[in-house]
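One structure is given here, and the rest of the page talks about it.
None of the figures in this text is laboratory data; all of them are computed from the coordinates on show. Small disclaimer: the values here were computed from a predicted structure and weren't measured. All Cβ positions, glycine included, derive from the backbone under ideal geometry; neighbour counts span all protein chains shown.
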C-alpha cells in the first residue's frame with residue numbers, strides 16, 4: 001500500500017473541505033427538521049472523505065498510466081512522477097472505496113434508507129469511472145456534472161435523509177449551492193490544466209468551452225451558489241449571514257478572471273474548498289440561530 005507520506009500527498013488540503021461541506025450542509029438541513037444525529041453525520045463524513053481520497057488516488061493512477069500527467073502544471077502526482085508504483089496507487093484507491101462502502105453500509109442499516117445501497121454503489125463506480133476504464137467520462141466533459149450530482153445532490157440530500165428521513169427546502173438549496181462550489185473547484189482545476197489536457201485529448205468541460213467561457217462559468221457557479229440562499233431568507237432572515245462570505249468569494253473569482261499564468265490558479269482550489277466549508281458552517285449557524293430565537 002501507499003506509504004504515509006504518499007497518503008498525505010493524495011489527501012491534499014482541498015480533500016477534507018470537499019467531503020466536509022456537503023455533510024455539514026446536509027446535517028444543517030436535518031437540524032432544521034430537529035432531526036440531527038451525530039453518529040449518522042460522522043458516518044456520512046467518513047463515506048464522503050474516503051470517496052474523495054479514493055477519487056484522488058484513482059485519478060492519479062488512471063491519468064498516470066495514460067500519460068496525462070507527463071506535463072503537469074499543478075502538484076506532482078504519485079504515478080506520473082514515479083514516486084509510487086501504479087499498482088500501489090490503484091490499491092490505495094480500492095481500499096478507500098472499500099472503507100467508504102463499509103461506512104455507508106453501517107449508515108444504511110442505522111437509517112434504514114435501503115435505497116441508498118444502489119446510490120452508494122453508483123458513487124463508487126462514478127469515482128472510478130471519472131478517469132478510469134476504457135471510456136472515462138472525465139475525458140468527455142462530463143466530470144463537472146458528476147461532481148455536481150455526487151458531491152452536491154447525493155452527498156447533501158443523502159446526509160439529510162439518513163438523519164431526518166425526509167427532505168426540506170433547506171436541503172435542496174444546500175445541495176445545489178455546495179454542489180456548484182464543488183463544481184467551480186473542478187472548473188478551476190481544469191482551467192489550470194487546460195493546455196495539457198487539450199494536447200493529450202482530455203476533453204474536459206473547460207477544454208470544450210474554451211478558456212474565456214470556462215472562466216465566466218466558474219464565476220457564475222460561485223455567484224449562483226450564494227444567490228440561492230435568498231430563497232430561504234423569507235423563512236429565515238438569518239440566512240443572510242451566508243452572504244458575509246462574499247468578500248472571501250471575490251478572491252478566487254478575481255484570480256480566475258484576471259490571471260494568465262496558470263500556476264496562479266493553484267491557490268484557487270484551496271480557496272474554493274474553504275469557501276464551501278464556510279458556506280456550510282454559516283448555513284448551519286443560520287439554522288441554529290432561528291431555532292434558538
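Over what distance in Å are the Cα centres of region 211-257 and region 174-189 separated?
After rounding, the separation between the Cα centres reads 11 Å.
List residues of region 37-59, by number, whose backbone nitrogen lies under 19 Å from a label position 7 Å along Cα→C-beta of residue 235.
The answer is 37.
Describe numerically, in nm with one decimal, the distance between label points set 7 Å from Cα along Cα→Cβ at residue 65 and at residue 95.
Between residue 65 and residue 95, the simple spin-label model gives 1.8 nm.
Once every DSSP H run of n ≥ 4 in the chain is given -39500 (n - 2.57) and the sum is divided by its residues, what mean residue ellipticity at 222 nm do you get, rounded to the nearest 500 deg cm²/dmol? Present the calculation step by step, with values, prior to reporting the outcome.
On the way: 14 runs with 207 residues, N = 293.
Mean residue ellipticity, 222 nm, calculated: -23000 deg cm²/dmol.
In degrees, nearest 10, range 0 to 90: what is the angle between the Cα axis of helix 155-164 and the longest Cα principal axis of the chain?
Result, in degrees: 30.
Taking the chain as the reference, fit the longest principal axis to its C-alpha atoms, fit the long axis of helix 116-129 to the helix C-alpha atoms, and give the angle between the two in degrees, 0 to 90, nearest 10.
30
Please arrange 53, 181 by counting, for each residue, the other beta carbons lying within 10 Å of its beta carbon, fewest first. Provide the component values of the computation, followed by the final result.
Numbers: 53 26, 181 30.
In increasing order of surrounding Cβ atoms, one gets 53, 181.
Using the alpha carbons of the chain, what is the convex hull volume per residue in cubic angstrom, as a whole number? Before the final figure, lay out the partial values.
Values: hull volume 33.2 nm³, N = 293.
Output value, Cα hull per residue: 113 Å³.
Sort 209, 239 by Cβ crowding within 10 Å, fewest neighbours at the top.
On the way: 209 18, 239 23.
Ascending Cβ contact count within 10 Å gives the list 209, 239.
How far is helix 211-227 tilted, in degrees, relative to the longest principal axis of the Cα atoms in the chain, given as a value from 0 to 90 rounded to the nearest 10?
Between the helix axis and the principal axis of the chain, the angle is about 20 degrees.
Sort 116, 218 so the one with the fewest other Cβ atoms within 10 Å of its own Cβ comes first. It would help to have the intermediate numbers written out before the result.
On the way: 116 20, 218 27.
With the sparsest Cβ surroundings first, the list reads 116, 218.
Per 5 Å bin, what is the whole-percent P(r) computed from every C-alpha pair distance within region 165-293?
Whole-percent P(r) values from 0 Å outward: 2, 11, 21, 20, 16, 11, 8, 6, 3, 1, 0, 0.
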